[in-house]
1. Please list Tyr281, Tyr163 in order of solvent-accessible area, largest first, computed with a 1.4 Å probe with all protein chains present.
2. Suppose the chain between Arg211 and Ala158 were pulled fully straight at 0.36 nm per residue; how much longer would it get relative to their current alpha carbon spacing?
3. Kindly list the residues of the range 250-290 that lie in the label zone of Lys323, defined by a backbone N under 14 Å from the point 7 Å along the Cα-to-C-beta vector.
4. With all protein chains present, how much of the accessible area of the range 137-233 (probe radius 1.4 Å) comes from carbon and sulfur, to the nearest whole percent?
5. Using the Cβ atoms and a cut-off under 15 Å, what net charge is assigned to the surroundings of Ala242, where Lys and Arg are +1 and Asp and Glu are -1?
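The values are calculated or read from the model by the stated rules, or taken from the named source; none is laboratory data. As the structure is a computational prediction, the values presented were derived from the model and not from experiment. When we count neighbours, we look across all protein chains shown, and the Cβ atoms used for this are built from the backbone with ideal geometry, even at glycine. For accessibility, only protein heavy atoms count, side chains too; no ligands or nucleic acids. Shrake-Rupley method; radii C 1.70, N 1.55, O 1.52, S 1.80 Å.
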Amino acid sequence: MTTVPDEPESNDASIEALLREVGARDEPSAAAASEVMSAVHAEWLTIVQQRKHQQRVVAWRVAAGVVLAVLVATFSYRYLTPAPEQVASIVNIDGHLLASDGDSGAQARNVGQLIHVGDSMQTDGQSRAAVAFTDGLSLRLDHDTKLTIDATDRVTLASGAIYIDSPPGLSAANALTVDTTAGSVQHLGTQYEVRAHSDAMVVSVREGRVRVTSSNSSNTGEAGQVLRLTTAGELTRGALAATDPHWDWAQQAAPDFDIDNQSLALFLQWIARETGRHLVYSTPQAAAAAEAVKLRGSIAGLDADVALTTVLATTQLRRYQTKSDEIGIELAPIDSTTPTRQTH
């Protein structure tokens, strides 16, 4: 008889027997469970607070970075960005002159204040003004005029009229260009007026020459000519004398000439230029005498002819009869009692 050995019990059966022998696991008491839950909750709160603190630190750093960036941008704008270039200074205002720098509304300006690139200027129907450019050029604004300074050598005339006086000897390399809706004009050492209309520009040349250009043409204007260029490109010419009353407004807008401690000769040259006439001396001795005389006082508020009469009355020089476009100056005889002859 063959005996068959018993097979070993399976692992599952062994585990089952072990569990029966050990019995059921004891449940923790309510107090212990509560203590454990409190500990876990406290740990959870600690973790949450730490995360909130980290988030606040991150937010603070982001905010600080934004503030720093704003401060850097502000500093760069105020201190690193070049200031607008000075172009001119206001030398005369008859009435009111408004000006804007582009960032703020138009404000009233006073004599002595500066004009920069980007500024706009305007006069009303009762006002005129004059500004002196840094190179000596004079620009005067008639009634109801509005213009913008685009660059040190360029302006845009939107409405009204301006008078340009470019003294002899001023470099033509930086000649001022005036833009309008109809075209542009650039002087070649001259006195001239530009008047802007809705459909045309009118350029009157008192002295020297100008170049008038449009999108498809370029023309030269000579002293005594008036050029009218329409927005359609049509050009017509007329005539205007340098002594015509048309120019009176430009003289009225001009700053007063400060005669104090100036030579009579310099004053006479100013009078001649402002009135469109030529200065003529009867003899070299008369010219030398005018150079030697030093003036005192003021002619503020006087028109050109009255100022001329007033000033000559204090000297040994007088006017003499000559052409209508000339101011003739001669030496008066020492024993002469003849009143000074005037030419108007």
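1. Tyr281, Tyr163
2. Gain on stretching Arg211 to Ala158: 17.2 nm.
3. Hits in the range 250-290 for Lys323 at 14 Å: 276-281.
4. Result for the range 137-233: 44 percent of the exposed heavy-atom area is carbon or sulfur.
5. Taking every Cβ under 15 Å from that of Ala242, the sum is -4.
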